Amino acid sequence: MLDVLRNVTYRRLFAAQIVALIGTGLLTVALGLLAYDLAGRNAGAVLGTALTIKMLAYVGLAPVINALVARLPKKPVLIGADLIRAAMALSLPFITETWQIYVVIFLLQSASATFTPAFQSLIPTILKDERDYARALSLSRLAYDMEALVSPALAALLLTLISYNNLFIGTVAGFLFSAFMVTITVLPRLSAPAGPQTSLWHRTTLGTRIFWRNRRLRSLLALNLVVAAPTALVLVNTVVYVRDVLRRPDTDLALALACFGVGSMIVALSAPRVLDRFGDRAVMLTGAAVIPAVLAGATLLTFLGVGGAGWWPLLGLWFLLGAANSTILTPSSRLLRDASTEETRPYVFTAQFSLSHACYILTYPLAGWVGAAAGLGWAGLTLTIVAIIGSAGAFLSWPPHTAATSQEPADEEQPVDQPAQQRAEP
């Protein structure tokens, strides 16, 4: 898997991704402590509002921003987004009112909504070989999983030496390092598209229209809903399972979340070999079949009221949810690459970024509000139904006869029909 790091361009970008992710993890911890300082018992409401603002920025702004910067060279776009993120993180220690948190988070996440799809759409252009790209996707999945495990531990270590405000400096350093690595990297760049400039509305909606016209991407849209259900249950309600249902100590919360991450990491490590053998459809739809069953198991665990005896089953269920999620998330970018041309790729990746986060706007409130109003078991049952609906949509949208098709027609209204030509971006 590590052979792909021999590519200098990819190695530098991957290093930038790793450090920026660690900085983002430190930001998450420090932001929670800042919210508590400002709002006390209402810190949860502040963080919930901040997360909602984050998702709204991802869903509403990502397509518009991508349409505005689509014809700009990727390097200044990535560097500019990193510098904006660094500036916003640097301002957080000076915040004195909760409304200021919302403004800064909106601007920071708007920059992230610019950076992430542009970054992801570059990788297929850098790594042309199918196996190299599969390895890169596995490394990217591992990076996200490792961030979830390493960043909290690093934050805990640093907090024994410094105040939480100084954690924001780590976030700033991560974004500046990312900008530096992009600066010293020679990136591929498409030539300016031929033909007249299309409208902003056309460019904003292009990725979504490509999704709708491609059967495998319609399946991926349903799979995004499948993934959002267990992710919401784990991130929102694990603390309730551990403390209220199973009566476990606070330290076991980290262990339960770690099981979810380890399951995802194991699948990501084995993904290149498994995908070579079974193909995208078999692997991804297996995850879509497993997730509703495991969610049903977690729901049953709650309704049965097993108490402390349910600790080990919970760890097993969380491990399976992490593994099943990874079977969908790791190969998903392959579908995006195969369904797009080099000209339409940024639009397709941005559409996936936006549409996948839209699913969390549904599942996060379901996990939290239904759990608080009706109980954890009903929250689990509701998310199980959501996963079943998404799974059914995925199976119906991706019939077996399309499994061997490498690329379906993407969109009749692509901005250009001319073949892309690459040149080195200084």
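The values are calculated or read from the model by the stated rules, or taken from the named source; none is laboratory data. These numbers were taken from a predicted model, which means no experiment stands behind them. Neighbour counts run over all protein chains shown; Cβ positions are idealised from the backbone, glycine included.
Within the range 92-113, the only residue that satisfies the criterion of being outside any helix (DSSP H, G or I) and either at pLDDT 90 or above or surrounded by 15 or more Cβ atoms within 10 Å (Cβ to Cβ) (or both) is Ile95.
All of (1) polar (S, T, N, Q); (2) touching a helix residue (DSSP H, G or I) at 6+ places or on another chain (Cβ under 6 Å); (3) closer than 29 Å to Ile328 by Cβ hold for Asn165 with one exception: (3).
Can you tell me which residues in the range 121-168 are β-branched (Val, Ile, Thr) and touching a residue at least 24 places away in the same chain (Cβ under 8 Å)?
Of the range 121-168, the ones β-branched (Val, Ile, Thr) are 123, 125-126, 150, 160, 162.
Ile123, Thr125, Ile126, Val150 - these are the residues of the range 121-168 that are β-branched (Val, Ile, Thr) and touching a residue at least 24 places away in the same chain (Cβ under 8 Å).
Being modelled with pLDDT of 85 or more, aliphatic (A, V, I, L, M) and in a helix (DSSP H, G or I) is a property that Ala373 lacks. Would a scan of the range 82-91 turn up a residue that is at pLDDT 85 or above and of a type in the set (Lys, Arg)? Within the range 82-91 (the criterion being at pLDDT 85 or above and of a type in the set (Lys, Arg)), the answer is yes, since at least one residue qualifies. Would you check if there is a residue in the range 331-340 being farther than 27 Å from Leu355 by Cβ, in contact (Cβ under 8 Å) with a residue 60 or more places away in the chain, in a helix (DSSP H, G or I) and not basic (Lys, Arg)? No, because not a single residue in the range 331-340 is farther than 27 Å from Leu355 by Cβ, in contact (Cβ under 8 Å) with a residue 60 or more places away in the chain, in a helix (DSSP H, G or I) and not basic (Lys, Arg). For Ala86, the stated conditions hold: it is hydrophobic (A, V, I, L, M, F, W, C), crowded, with 19+ Cβ neighbours inside 10 Å, in contact (Cβ under 8 Å) with a residue 60 or more places away in the chain and under 18 Å from Val182 (Cβ atoms).
Taking the criterion of being at pLDDT 85 or above, polar (S, T, N, Q) and closer than 27 Å to Asp145 by Cβ, would at least one residue in the range 394-404 satisfy it?
Initial filter on the range 394-404 (at pLDDT 85 or above): 394-398.
Subset that is polar (S, T, N, Q): 397.
Then drop every residue that is not closer than 27 Å to Asp145 by Cβ, which leaves none.
No, because not a single residue in the range 394-404 is at pLDDT 85 or above, polar (S, T, N, Q) and closer than 27 Å to Asp145 by Cβ.
If you check Arg6 against the conditions, is it out of contact with any strand residue (DSSP E or B) (no Cβ under 8 Å at 6 or more places or on another chain) and either surrounded by fewer than 16 Cβ atoms within 10 Å (Cβ to Cβ) or free of Cβ contacts under 8 Å to residues at least 40 places away in the same chain (or both)? Criteria met by Arg6.
Residue count for the range 18-37, restricted to those that are in contact (Cβ under 8 Å) with a residue 24 or more places away in the chain, surrounded by fewer than 21 Cβ atoms within 10 Å (Cβ to Cβ) and of a type outside the set (A, V, I, L, M, F, W, C): 2.
On the given criteria, is Val245 over 30 Å from Pro63 (Cα atoms), modelled with pLDDT under 90 and not hydroxyl-bearing (Ser, Thr, Tyr)?
Numbers: over 30 Å from Pro63 (Cα atoms): yes; modelled with pLDDT under 90: yes; not hydroxyl-bearing (Ser, Thr, Tyr): yes.
Yes: the conditions hold for Val245.
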